[in-house]
1. To the nearest 0.05, what FRET efficiency results for B:ASP241 and B:SER328 with a Förster distance of 30 Å applied to their C-beta separation?
2. Just to check, using Stokes-Einstein with a Kirkwood Rh over alpha carbon pairs, what's the diffusion coefficient of the stretch B:300-340 at 10 °C and 1.306 mPa s in µm²/s?
3. Let me know the mean shielding of B:519-530 by other chains, meaning the per-residue number of their Cβ atoms within 10 Å of its Cβ.
4. How do the peptides B:450-459, A:64-73 rank, highest first, by the average count of neighbouring beta carbon atoms within 10 Å per residue?
5. Report relative contact order for chain A in percent, whole number only (criteria: Cα-Cα under 8 Å, sequence separation at least 6).
6. What span do the alpha-carbon atoms of the stretch B:445-491 cover on each of the three principal axes, reported in whole Å from largest to smallest?
7. Write down the Å³ per residue value for the convex hull defined by the alpha carbon atoms of the stretch B:64-152.
8. Rounded to the nearest 0.05, what FRET efficiency do A:THR160 and B:PHE382 give with R0 = 56 Å and r taken as the Cβ-Cβ distance? Could you check?
Amino acid sequence: MTDTEWPTPTETWQRVSPKFAWADLALNLLLVLVVGVVYLLVTTLSDERLPLVVHLVFAGVVLVMLINAVFAFRRVKAIGYVLREDDLLFRRGIMFERVIAVPYGRLQLVDVTRGPLLRALGLATLKFVTASVATGVNLPGLPAAEAEALRDRLVELAETRRSGL
Amino acid sequence: MTADPIAPEPPLELPWRRLHPLSPLLRGGLFLLVVAGIIVANLRDRVFEVFFPSDVIDAMGPNESDLIDYIVAERLVIWVLLGLLLVIGIIVGISWLAWRFSTFRITGEAVESRRGILFRQHRRAPLERIQSVNLQRSLLARIVGLTEVEVQTAGQGGKVSLQYLGHREAKLVREQILLAAAAAGAPATLAPDIDSTGDAQPAPTSTPAPVPATDSATEFAPAPAQPAQPGNPAELAPAVDFAGQVYGGTASVLDGRLRDLADFDIDPSARETGMLIKVPVTRLIASILLGSEMLAVVVIALAIVAASIWGSPMALAGFLPVGLVMVSLLISQFNRGFNFALSRAADGVRVGAGLTATMTETIPFGRVHAVEALQPIGWRPFGWWKVRITTAGHSVAQGGQNKLQNTVLPVGRIDDVLRVVETLLHEGDGREDRRAALSEALVGDGTGFVGAGRRAAWLLWFGTRRAGIRIEDAESTHASLRVRRGWFTRTLVIMPIQRAQSVQLGRPFAHHLLGLATLQAHTVLGPIRVQMRGVDLEQARVVFDRLAGTVVRVQSDESHWRRGTASPNVGEAGLE
């Protein structure tokens, strides 16, 4: 398949930590739990019998979310980035796959954030911000040290290639 | 006129200046009108009594102004008058203080404004971040002869507005800001004659031609780094009629006022160089009636008629909101497009329009991030197009009635579109082959474009035939990405590759199944989406690689060039 080779025939994709998949899974399962609680509340609190449709909708939502949660490992594997000579190549998604190339000169700022869940796993999220909101380059689940090294590297690259707006 | 005299030396370090003394009157204008209204309503009968016999007054109905009778009866006249004077005095005093504290200045780095007595506000717009300089005039301001200068910067809500200046002074201030911005950001604005690939071209229309017209007109084409010379604003910033001609001869004070009121603010040099595009009123009205918004309203109206015939007659009540929408649509589009004129000035593109309230927007060169030409289906028989742009300063939600809302041509023929695009992007600059390529991209059959994939008709429907993407002039710094699409509304999007923030190849689910992909270039926030859907995957990958390569090359050329020219002696020290 060309899918693995294009668009970087020579370089290999850098991946985020596989540990991030567990965080992803946990978050998704938490959401399933929330929906389950809402379902329980609705069924117990309502006086009359609910129509069948409501049960079916809840069942469907839970099923889709469970499948989505199971795909966490595949999804995290799909996140990748390559530092090419003049631009950052980023890809993400299975169902809605995206490949994005951002020239280093377009970097406005790099954001490294660590939520409580990620901190427990020793991970961090790196965000590459350009003047366009649509760029959306978001690298979740990098090992903290790697995220900081990458941030410094990106800032350094951006400094040497600064262009206007 | 009102403020301190403009200091000629050093050139771009102008001192703090004040706004027009009448500006507090206009800013609090509504309040004063209300007060005056109350007084007049109460005095109406008193005034009439002087001129008419009392039986005429009685015939006009009962006298409502008990207030004044009461005051007279209780002998409070003196106290009321004193109180009134005190209130007026306080208002005048506060206004005067507010005016004293509102100042602005233009330096070599920024436009700054200060205002507020208790809560001091200091706003600063760095020159290289200025996206456009606008002159806004409400009807009241036009009558009084005042104008608001608004400096738009990149970023949402980042603007410095100077409320208000005398009209001619406002025009002068705009010139000073634009000149300062041109001097500060010279490397950023892409002058066509400095083409780093060596693709040097004669630029007959870009440089302001020596204007042999009146003395005042030549003042509009000064060399950069030289601000407008101090002097009489009336001579430096003459009023211009809709033909782009400076009103001739010397004028009396009243005459000058009237000319300012009817000043279309078209750059006088544009008429000489032929870079002036106008929209006739008849075409504007026809275009509104045939536009897609009006079509939608008509469809809804037909649906209501159908519902009332076959359903309940109550559905007719729906006509009321539909009618209101239609009227407001007509008025807003008409007001926004009335007397529309686009002209090319020495330092940017100037767009102006408005019926009662007017607005002129001056966009320095190199600030346009994407251009889109649209043709709703109703305009096709006439060959009309509308052109709008994305710039960094515009917010999407900016929807005031007198705002032009990113439109740089409400309706125009294909020739107008070509000229507008050339003016905005320095595209072509009169070169026949580029102009032909542009016209081909607008209305041609799409040769040279990468079209939609085999099975794209599932996704694009009738738009499949027109869909196409192309990198034009990939070798030069003027490389642009062009996307054709649409059937109901045909469009052509042009994005200078210099302004691309990032490029994306996407494979949403349906595209994935059909072996297709989407290609998108990301720009700053704006109304234009530079996206092509339904490209064959293999072709999309080829285009993506080329696009990413072109983006990197063009932008690194630009950054080298900035580095080369923006040496300290020009960039900073020269302006200090």
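None of the figures in this text is laboratory data; all of them are computed from the coordinates on show. Fair warning: this is a prediction, and the values are worked out from it, not measured in the lab. Methodologically, a virtual Cβ is constructed for each residue, glycine included, from the backbone with ideal geometry; neighbour enumeration extends over all protein chains shown.
1. The value I calculate is 0.50.
2. Here the translational diffusion coefficient equals 139 µm²/s.
3. Taking the mean over all residues of the peptide, I get 3.
4. Sorting B:450-459, A:64-73 by mean packing, highest first, produces B:450-459, A:64-73.
5. Relative contact order here is 22 percent.
6. Over the stretch B:445-491, Cα extents along the principal axes are 36, 22, 16 Å.
7. 156 Å³
8. 0.60
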